[in-house]
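These notes are about the structure you will find just below.
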Amino acid sequence: MTELECNKLIKRDITISDCKEANPDDCNRSYFLHIPTSICNEQNNSIAGDNLPPTLPLVFAIHCFGCSAMTMYTSFAQHANEHNFVLVAPEGIKHSWNARHCCGYALDNQLDDVGFLSNIQSTLSNEFAFVKPQFTYATGWSNGGFLVMHASELFRGIAPISGFIAGIESELKRGDIHGGKPLFIHQGMDDPYVRSTGCCHDPNLPKCCCNIAADTCTDVMDVARDWAVEVNGCKNDETLLAETSYANKDDGIRCLTSSNCISNTTICTYEHSGHFNLPSFDKAFPMANEVMNFFARDACEVNDGWWNGIDKTCSCNTERSGPLCLDKVVAEDKGSRTSATSISRLFVVIIALITLVLAAYAMVKKLRRHGKNGRGGKYAKVEYTDIEIN
């Protein structure tokens with residue numbers, strides 16, 4: 001049994017096997033791991049060994065260029081714990097990630113950061129029975145947002161923040177994946193670092209920071225629309241991203257989504273939030289809980305569970321179990337659940353019968369009392385009025 005503390009900051013250092021980086025030092029990587037309280041028993045706060053723990057989603061939280069893993073850990077750890085997620089906050093080499101258009105040392109040296117994320121995913125799924133690669137999600141800020149889109153084939157759903165990539169990888173096209181891929185994208189419309197209109201080489205257009213540039217500039221709304229149609233099967237008509245799922249006029253926040261798609265595509269735009277860096281990301285970005293809620297709802301609905309975002313609970317049918325209904329009910333548990341349900345129903349029937357008997361008894365007593373107080377001795381005398389029948 002692996003001894004591991006829950007709801008704690010756990011730092012792991014690894015060396016990538018079969019590493020092909022030009023600088024051998026770049027094969028030494030690290031990440032922070034957070035296991036939710038729900039996976040541990042209450043007595044010794046270690047992995048419960050007697051029973052197989054329930055499957056829980058794995059969520060990556062990827063930092064910005066110039067930031068550290070702790071930036072994302074402090075912003076998402078508590079929310080991940082409340083939603084029963086295993087959280088990973090990876091550390092970029094020299095605070096950077098290679099995400100096609102961005103940024104720094106990792107991009108300049110073409111580091112295999114997608115391979116690094118994949119290595120963590122496979123390592124944790126091999127180590128812990130409650131981690132399964134198919135239930136992996138990712139959120140990222142700025143350079144991290146670029147990376148979660150660049151590495152989206154690794155994840156079931158993504159939530160990029162102030163970092164997006166135009167164009168969809170061919171393997172993500174509708175028909176090549178089953179069930180779509182949920183997208184929850186966040187962008188400051190006044191962001192001076194990653195512009196909502198896109199970042200490109202065109203010298204006649206405003207530049208983004210950090211040499212972020214693409215061959216063409218694509219607006220963030222067009223990126224969301226393309227994803228909704230090409231990946232999530234939404235209709236490309238007037239209903240596309242036309243539904244307001246959240247709005248806060250005072251804060252300049254508006255979230256748009258589409259119904260009747262294979263998977264959810266939602267974009268939230270912010271008029272006054274810039275790059276979500278002032279005074280700090282954890283204070284400037286207001287939707288950390290909503291990002292976790294977005295992932296939890298998707299995971300819950302995989303097996304037709306019903307997600308309650310207020311209580312942060314997933315209600316399962318009789319065939320499923322676990323905090324997010326990701327596990328099958330074993331035969332004896334199913335029998336126990338069925339027996340418990342039958343007993344509960346029998347109990348309700350018995351209570352209903354007792355209630356009816358008591359009500360009937362009370363009615364008889366009332367009639368007897370009325371008979372003693374009226375004319376006719378022991379029972380009330382019933383008088384009939386003659387009715388003339390023509």
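The values are calculated or read from the model by the stated rules, or taken from the named source; none is laboratory data. Bear in mind that the values here come from a model prediction, so they are computed numbers and not experimental data. Quick reminder, even Gly has a Cβ in these numbers, built from the backbone with ideal geometry, and neighbours come from all protein chains shown. Surface areas here come from the heavy atoms of the whole protein model, side chains and all, with no ligands, DNA or RNA. Shrake-Rupley method; radii C 1.70, N 1.55, O 1.52, S 1.80 Å.
Quick notes on this structure:
- Criterion applied to Ala228, Ala247 was being touching a Leu at 6+ places or on another chain (Cβ under 8 Å) and among the small types (Gly, Ala, Ser), and the one residue passing it is Ala228.
- Of the set (1) under 19 Å from the mean Cα position of the chain (by Cα); (2) over 18 Å from Ala99 (Cα atoms), all apply to His186 but (2).
- Counting the residues of region 258-280 that are in contact (Cβ under 8 Å) with a residue 24 or more places away in the chain, open to solvent by 60 Å² or more (accessible area, probe 1.4 Å) and of a type in the set (A, V, I, L, M) gives 1.
- Filtered residues of region 74-111 (kept if at pLDDT below 95 and charged (D, E, K, R)): Arg100
- The set of residues in region 142-181 being farther than 24 Å from Gly115 by Cβ and either modelled with pLDDT of 95 or more or of a type in the set (A, V, I, L, M, F, W, C) (or both) consists of Ser162 alone.
- Residue count for region 11-20, restricted to those that are open to solvent by less than 80 Å² (accessible area, probe 1.4 Å) and at pLDDT 95 or above: 2
- Tally, over region 209-242, of residues that are under 10 Å from Cys199 (Cβ atoms), open to solvent by less than 60 Å² (accessible area, probe 1.4 Å) and not hydrophobic (A, V, I, L, M, F, W, C): 1
- Every residue from region 191-205 that is more than 21 Å from Gly104 (Cβ to Cβ) and open to solvent by 70 Å² or more (accessible area, probe 1.4 Å): Thr197, Pro203, Asn204, Leu205
- Single match in Leu205, Leu241 (criterion: over 19 Å from Leu147 (Cα atoms), of a type outside the set (D, E, K, R), assigned to a loop (DSSP other than H, G, I, E, B) and at pLDDT 95 or above): Leu241
So that you can scan it fast, the table gives a plain yes or no per residue for (1) out of contact with any Gly (no Cβ under 6 Å at 6 or more places or on another chain); (2) charged (D, E, K, R):
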site: Ser125; (1), (2): yes, no
site: Pro133; (1), (2): yes, no
site: Gly157; (1), (2): yes, no
site: Pro160; (1), (2): no, no
site: Arg195; (1), (2): yes, yes
site: Thr218; (1), (2): no, no
site: Met221; (1), (2): yes, no
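- If you go through region 105-143 and keep only what is open to solvent by 20 Å² or more (accessible area, probe 1.4 Å) and touching a His at 6+ places or on another chain (Cβ under 9 Å), you end up with Tyr105, Leu107, Val114.
- Number of residues in region 244-274 that are outside any loop (DSSP other than H, G, I, E, B) and out of contact with any helix residue (DSSP H, G or I) (no Cβ under 7 Å at 6 or more places or on another chain): the value is 14.
- Test: Cys208 is under 26 Å from Ala106 (Cα atoms) and in contact with a Lys or Arg (Cβ under 7 Å, 6 or more places away or on another chain): yes
- Search result, residues across region 281-308 that are farther than 20 Å from Gly179 by Cβ, open to solvent by less than 30 Å² (accessible area, probe 1.4 Å) and assigned to a loop (DSSP other than H, G, I, E, B): Phe285, Met287
- Residues of region 126-151 that are touching a residue at least 12 places away in the same chain (Cβ under 8 Å) and assigned to a helix (DSSP H, G or I): Glu127, Pro133, Gln134, Phe135, Asn143, Gly144, Gly145, Phe146, Leu147, Val148, Met149, His150.
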